[in-house]
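This report concerns only the one structure given below.
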Amino acid sequence: MTILLIDFIINFCILFTFAILTYIPFQNRLNVYIPSSKYTPFILGILSGFTGCLLMLTSVSISDFVIMDGRMAVIALSGVLGGPVATIISGTIIGVFRLFMYGYSQTSLIAGSSTIIVGVVIGFWSWKKTMTYQNVYYFFGYSIIQTSLVIGFLDNWKLETWLAIISFILYSILSFSIIFVILKQLSNLFEKIKHIEEMSVTDYLTGLNNNRKFQEYTHNLLSKGEIFSLLLLDIDYFKKVNDTYGHPVGDEVLKELALRIKETSNSFGGIVSRNGGEEFSVLLPNTSEEKSLEIADLIRQAIDNNLFQISTGEKLGITISGGISTFPQDAVTTHELYKLADEALYLAKTSGRNKVVHINDDKSI
């Protein structure tokens, strides 16, 4: 009995190791490098197949015709992680291995063919209905039912056969359920981590990049050494909006402003951030001084030409001023580019507002 229990534990540990080592990298949970996502189903299918073979080599013998292991759980999990192709590949590898594992015989032919059929049926089924953590039990249940019927057929439905089938079902469900719960908890944990990471680089109000993410994007652009422009934008007389209508309305204006800036600059590859308060920035890759002024004025017009509808029912006229600096001719560091764009923004503010100025002050709109 002790030896049997140890065999079960060894088999389950192999299944558990497979689940963790395939889930984390192939779901990109630790940013592990995979050559191309298009190869993932094939890689997962092969890994799952060899894991199933290893599980059979460490299986628990229940009767002359029945060995118990976690191969069905592997096939189902490969479908969740790698899709239909992974399921078909893993089922085929495991089935072929079962066919010759104990030498070719009628029993091995039926058992091996059954496993191949399970992989193919689940694969084509999941092409019609994508396999997820929510519906994987249906696919897994099918594999257990079919395998139980094969066991019964091979062992002539004797009392020992029923005991073997019950043992197989209990072990399969228990092992798969434990793996399923652990992976589900891991999925929830990684989703929370992802959300926290996004929150750390996202402005809470507008959903734009925050200043931390702005610094990261700017550093990346500088490291490429290619021309780009930095546009700083600031709302004209925003304090009057807050004083007159209150901060909640001010927040409404900021969110709508962020949306318009993003929509206008998206077609130019603009990277939009909220750097603080009512100040926004737009990084414009591969953009010269002249082109940056054109884009900046399109953004300014998108704000100036359309009134802002606020929750009180009123419509507000909002304008913005902007300042631009360009890499590499104006500066070659983030600090200097920002400082020069801020100086250009100050010039726009002091020379009438609702305008955009490049730090090379002979180029302004």
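The values are calculated or read from the model by the stated rules, or taken from the named source; none is laboratory data. Note that the coordinates shown come from a computational prediction; the quantities given were computed from them, not determined experimentally. When we count neighbours, we look across all protein chains shown, and the Cβ atoms used for this are built from the backbone with ideal geometry, even at glycine. Note: areas computed on protein heavy atoms with side chains; ligands, DNA, RNA excluded. Shrake-Rupley method; radii C 1.70, N 1.55, O 1.52, S 1.80 Å.
Observations on the model:
- Yes/no for ILE165 being surrounded by 15 or more Cβ atoms within 10 Å (Cβ to Cβ), touching a Ser or Thr at 6+ places or on another chain (Cβ under 9 Å) and over 30 Å from LYS349 (Cα atoms): yes
- Considered as a group, the residues in the range 100-126 that are hydrophobic (A, V, I, L, M, F, W, C) and open to solvent by less than 30 Å² (accessible area, probe 1.4 Å) include one that is nearest to SER143 (Cα to Cα), and that residue is VAL118.
- Search result, residues across the range 332-348 that are within 38 Å of the chain's Cα centre (by Cα) and open to solvent by less than 70 Å² (accessible area, probe 1.4 Å): THR333, THR334, LEU337, TYR338, LEU340, ALA341, ASP342, LEU345
- For beta carbons closer than 7 Å, sequence separation of 6+ or different chains, a first residue in the range 195-217 that is at pLDDT 90 or above and a second that is part of a helix (DSSP H, G or I) and among the β-branched types (Val, Ile, Thr), the qualifying pairs are GLN215/THR334.
- For the residues GLU160, GLU197, the requirement of being open to solvent by 60 Å² or more (accessible area, probe 1.4 Å), under 30 Å from THR107 (Cα atoms) and either of a type in the set (Asp, Glu) or assigned to a helix (DSSP H, G or I) (or both) singles out GLU160.
- Condition broken by PRO328, with the remaining ones in (1) touching a residue at least 60 places away in the same chain (Cβ under 8 Å); (2) surrounded by 22 or more Cβ atoms within 10 Å (Cβ to Cβ) satisfied: (2)
- For PHE153: the one exception among (1) without any contact (Cβ under 8 Å) to a residue 40 or more places away in the chain; (2) in contact with a helix residue (DSSP H, G or I) (Cβ under 8 Å, 6 or more places away or on another chain); (3) open to solvent by 90 Å² or more (accessible area, probe 1.4 Å): (1)
- Scanning the range 322-348 for residues that are under 17 Å from ARG274 (Cα atoms) and either in a strand (DSSP E or B) or of a type in the set (Phe, Trp, Tyr) (or both) returns GLY322, GLY323, ILE324, TYR338.
- Answer residue from the range 63-92, given it is closer than 16 Å to GLY112 by Cα and outside any helix (DSSP H, G or I) and is modelled with the highest pLDDT among those: GLY70
- Residues satisfying the stated conditions in the range 349-365, i.e. outside any loop (DSSP other than H, G, I, E, B) and crowded, with 16+ Cβ neighbours inside 10 Å: LYS349, VAL356, VAL357, HIS358, SER364
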